[in-house]
């Protein structure tokens, strides 16, 4: 067996690994609506939470995005911008967002399909969706925390909130 791996791949695994803490977050521009794009670097200077999820309309994804919408004020209090990302198109996101009454952008990693998810090491080749993956990016554009949940499990928000609280700690208190 060949033990060589490609960047982002774990030894002995065909599955790529999510970018770890300390890695520079790859910049991207994705559609939030059919005529509007969002660029990660536009948020430089503040923390950003990237929530990759497999698909609009799936029960777990709906619950996960609904939870984040419910606690959005806590993310905002910690100075963070929340961005949801899946391989669904902008029109699908618009309908899903309206149905769920979401108050944060859902970005379409639609064409080329999964290009941003691949950059972050969280594209699922076998089913053409993304992993259920979370990234907290600091104000300098460096990944502070990342987590990949089993695809059928809602990861909740505790890890995100802990990472954001760490970013907001006074360096003199550490």
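The values are calculated or read from the model by the stated rules, or taken from the named source; none is laboratory data. All values reported here derive from a predicted model rather than from experimental measurement. When we count neighbours, we look across all protein chains shown, and the Cβ atoms used for this are built from the backbone with ideal geometry, even at glycine.
Report whether or not residue 66 is assigned to a helix (DSSP H, G or I), surrounded by 15 or more Cβ atoms within 10 Å (Cβ to Cβ) and modelled with pLDDT of 95 or more. First the steps, then the outcome.
Numbers: assigned to a helix (DSSP H, G or I): yes; surrounded by 15 or more Cβ atoms within 10 Å (Cβ to Cβ): no; modelled with pLDDT of 95 or more: yes.
Answer is no for this residue.
So which residues in region 8-34 are farther than 18 Å from residue 103 by Cα, part of a loop (DSSP other than H, G, I, E, B) and modelled with pLDDT under 95, if there are any at all? Before you say what the answer is, go through the steps one by one.
Step one: of region 8-34, the residues farther than 18 Å from residue 103 by Cα are 8-29.
With the extra rule that they be part of a loop (DSSP other than H, G, I, E, B), the set shrinks to 8, 10-15, 17-23, 25-28.
Scanning region 8-34 gives 8, 10, 11, 12, 13, 14, 15, 17.
So which residues in region 132-156 are over 23 Å from residue 45 (Cα atoms) and surrounded by 22 or more Cβ atoms within 10 Å (Cβ to Cβ)? Spell out the reasoning first.
Just the residues of region 132-156 that are over 23 Å from residue 45 (Cα atoms), to begin with: 132, 148-156.
Within region 132-156, 132 is the sole residue that qualifies.
Among residues belonging to region 90-112 that are without any contact (Cβ under 8 Å) to a residue 60 or more places away in the chain and buried (at least 17 other Cβ atoms within 10 Å of the Cβ), point out the one that is nearest to the chain's Cα centre (by Cα). Working first, answer last.
Step one: filter region 90-112 for residues without any contact (Cβ under 8 Å) to a residue 60 or more places away in the chain, giving 90-92, 95-104, 111-112.
Checking the rest, the ones that are also buried (at least 17 other Cβ atoms within 10 Å of the Cβ) come to 90, 92, 96-97, 100, 102, 104.
Values: 90: 16, 92: 18, 96: 17, 97: 16, 100: 18, 102: 16, 104: 12 Å.
Taking the candidates together, the pick is 104.
Identify, by number, the condition in (1) within 23 Å of residue 17 (Cβ to Cβ); (2) in contact with a strand residue (DSSP E or B) (Cβ under 7 Å, 6 or more places away or on another chain) that residue 94 doesn't meet.
Result: residue 94 fails condition (1) only.
Just checking, how many residues over region 36-54 are crowded, with 16+ Cβ neighbours inside 10 Å and part of a loop (DSSP other than H, G, I, E, B)?
In the first step, residues of region 36-54 are kept if they are crowded, with 16+ Cβ neighbours inside 10 Å; the result is 38, 40, 43, 47-54.
With part of a loop (DSSP other than H, G, I, E, B) added as a condition, the list becomes 47, 53-54.
Number of matching residues: 3.
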